[in-house]
1. Show the residue pairs meeting these rules: Cβ distance below 7 Å; 6+ apart or different chains; first residue within segment A:394-412 and at positive phi; second residue more than 9 Å from RNA strand B (Cβ to nearest atom).
2. Collect the residues in segment A:100-134 that are of a type outside the set (A, V, I, L, M) and touching a Leu at 6+ places or on another chain (Cβ under 6 Å), keeping them in residue-number order.
3. Going residue by residue through segment A:33-51, is there one that turns out to be more than 15 Å from RNA strand B (Cβ to nearest atom) and surrounded by fewer than 19 Cβ atoms within 10 Å (Cβ to Cβ)?
4. Look at segment A:164-184 and say how many of its residues are farther than 18 Å from A:H110 by Cα and of a type in the set (S, T, Y).
5. Restricted to segment A:510-552, and to residues that are free of Cβ contacts under 8 Å to residues at least 60 places away in the same chain and within 8 Å of RNA strand B (Cβ to nearest atom), which residue is surrounded by the most Cβ atoms within 10 Å (Cβ to Cβ)?
6. Considering segment A:196-225 alone, what residues qualify as being buried (at least 20 other Cβ atoms within 10 Å of the Cβ), of a type in the set (S, T, N, Q) and more than 12 Å from RNA strand B (Cβ to nearest atom)?
7. Look at A:D375 and say whether it is closer than 30 Å to A:N11 by Cα, modelled with pLDDT of 95 or more, within 11 Å of RNA strand B (Cβ to nearest atom) and of a type in the set (D, E, K, R).
8. Consider only pairs whose beta carbons are under 8 Å apart and that are at least six residues apart or on different chains; among these, list those whose first residue lies in segment A:306-320 and is more than 14 Å from A:P294 (Cα to Cα) and in contact (Cβ under 8 Å) with a residue 60 or more places away in the chain and whose second residue is surrounded by fewer than 22 Cβ atoms within 10 Å (Cβ to Cβ) and among the β-branched types (V, I, T).
Amino acid sequence: MTKQDSVKPTNFIHQIIEQDIEKNVHGGQVITRFPPEPNGYLHIGHAKSICLNFGTAIKYGGQCHLRFDDTNPEKESQEYIDSIVSDVRWLGFQWAGDIRYTSDYFQQLHDWAVYLIKEGKAYVDDLNAEQMREYRGTLTEPGKNSPYRDRSVEENLALFEQMKDGTRPEGSCVLRVKIDMASPNINMRDPVIYRIRHAHHHQSGDQWKIYPSYDFAHGQSDAIEQITHSICTLEFEDHRPLYDWLINNLPVPSQPKQYEFARLNLNYTITSKRKLKQLVDEKHVDGWNDPRMPTISGLRRRGYTPTSIRNFCDMIGVTRSNGIVDMAMLESAIRDDLDTNAPRAMCVTRPLKVTITNFAEGEEEFFELAAHPKDESMGNRRVSFGRNLLIEQEDFEEVAPRKWKRLAAGEAVRLRGAYVIRCEEVIKNDAGEIVELKCTYDPATKGVNPEGYKANGVIHWVNADNSVPCEVRLYDRLFTEANPEGDKSRSFLDFINPESLVVLTGCRAEPSLAEVKPEQNFQFERMGYFCVDQNSTSENLVFNRTVTLRDSWAKIQQG
RNA sequence: AGGGGUAUAGCCAAGCGGUAAGGCAACGGGUUUUGAUCCCGUCAUGCGGAGGUUCGAAUCCUCCUACCCCUGCCA
């Protein structure tokens, strides 16, 4: 929470809060909450909400609660709870007090439902789902009252008790609050506040046969927790009158207020929990934490840092207008963080053999290279030079194209941190493929530019005799279309990028990379940012590409 | 004549009646033993459209248009 505190661009929610503090609304307190339903993994869109809620609390010296909105046991599970807790922590946030659950408040919520019944403001309705839909009316026509709307308080009490006891079957009836079946806001047409579910709940076990709806649970939970600013996404805007109605008609201990902001949309990906789950269930990806997934755990495995995600959330702002943020912004955020914080190393992903004919067999020379070009505190690494080297296949062309800054037949190039070499001979196999380059090195170019000629440029390399074998996974955007959900006649699955994962084996990393730990980030010079996969071992080294470096050569080639 | 929202550059976004911040992208140029980073510069006489009020309007008023959300016993 470094630069976030001070020079933070303010948003409309912060403006409201500052006015509230000034007018001493909520006693000048700021208490927010992040309220996920544990029915899926957190994604980048949730990160926006997390940063907003926790960031707001930090900024105004308040607190933020982590509360699981667990009112629908059939879709929820402990696995999701565990992943969410871990993701929030990883992002660097700490909630105030214990983890909270809406299910902690089931008894109080039930008692408030009874209160409403006694006030004549709630009733048990025997209409089935289909009938209820008919009675609800449509967007343009008012609904009509249920025939069960005028049951007596005593009857409603008895019926609700039966629902609670489990003596009424699932779906046989619901508890509704009595508001206005003719309201232009459909959420006010006697919304359901309790339904029967004879389901086992991951927190409350088999204690309850009835579960409160979102509308009945959320605001009241906010009130119980003394939440001052209940921040949610735009689709709940129409629920605000109901939120307020319940707060005003119940003897709740505080008066929280709901504010809505636009959810995050990112191009070349999706953030629908349902569709993300489909990708996992149908094995289009490797799991919720597949590095191609926009989930927090996927981004983490991809090599994104908490800092980069928080900075990204600062960058995109908080407003009420729907937009689609360019993936390039997220990429910019991670490049920015990793450029300053990732140590540099060399790794040859598609090796081409280079023999230095004027360097003695069995000899070895060492170079101390800075781990970072601008940060001495990151120290040095030791790189070994010898007769048998490996360079990147794409760094050699027999005939240099225009503006070529790499190696070509007869030409010279700098090996990063070492000598300038010249390609004297190109060796091909029977198929005509280049299999080896015979080169000479210029001993006079150690640390200085050559005299009398110029090297084309600088390329990376490793010593074939002691470099470390590894696997490199090149990840790219998951979809080929900016808006994979945009074509109504086609499934988003049709737009999965077949090259979103390219696995390279037989790669060779410099020796300093032999002892790395999962999740360490590196810049492989000229190749991009990579991190050690969480399942990587010293016997089976695996690096995931987080993002490429900006590549102006690619633009020159295209143009 | 359903209700609720939103429109500022290719994208995100400041602006709150006094003459269009910033970031991303893009495009020039400089430095560079990473075609990276870094640095410098360019990029809205224009704020969805049309009227109106005002000395002055992206900001206020009127009308219009486009897009988003709402008819779960999901959240």
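The values are calculated or read from the model by the stated rules, or taken from the named source; none is laboratory data. All figures in this text were calculated on a predicted structure; none of them were measured in a lab. Cβ atoms come from the backbone with ideal geometry, glycine included; neighbour counts cover every protein chain shown.
1. Partner pairs satisfying both residue conditions: A:G410/A:C423.
2. Filtering segment A:100-134 for residues of a type outside the set (A, V, I, L, M) gives A:100-108, A:110-112, A:115, A:118-121, A:123, A:125-126, A:128, A:130-131, A:133-134.
If the condition is that a residue be of a type outside the set (A, V, I, L, M) and touching a Leu at 6+ places or on another chain (Cβ under 6 Å), then A:W112 is the only one that fits.
3. Within segment A:33-51, not a single residue is more than 15 Å from RNA strand B (Cβ to nearest atom) and surrounded by fewer than 19 Cβ atoms within 10 Å (Cβ to Cβ).
4. 2
5. Going through segment A:510-552, the residues free of Cβ contacts under 8 Å to residues at least 60 places away in the same chain turn out to be A:514-518, A:520, A:528, A:532, A:535-539, A:548, A:551-552.
Then keep just the ones that are within 8 Å of RNA strand B (Cβ to nearest atom); that gives A:551-552.
Details: A:D551: 11, A:S552: 8.
Among residues in segment A:510-552 that are free of Cβ contacts under 8 Å to residues at least 60 places away in the same chain and within 8 Å of RNA strand B (Cβ to nearest atom), the one surrounded by the most Cβ atoms within 10 Å (Cβ to Cβ) is A:D551.
6. Within segment A:196-225, A:Q220 is the sole residue that qualifies.
7. Working: closer than 30 Å to A:N11 by Cα: no; modelled with pLDDT of 95 or more: yes; within 11 Å of RNA strand B (Cβ to nearest atom): yes; of a type in the set (D, E, K, R): yes.
No, not satisfied.
8. A:I316/A:V325; A:V318/A:I13
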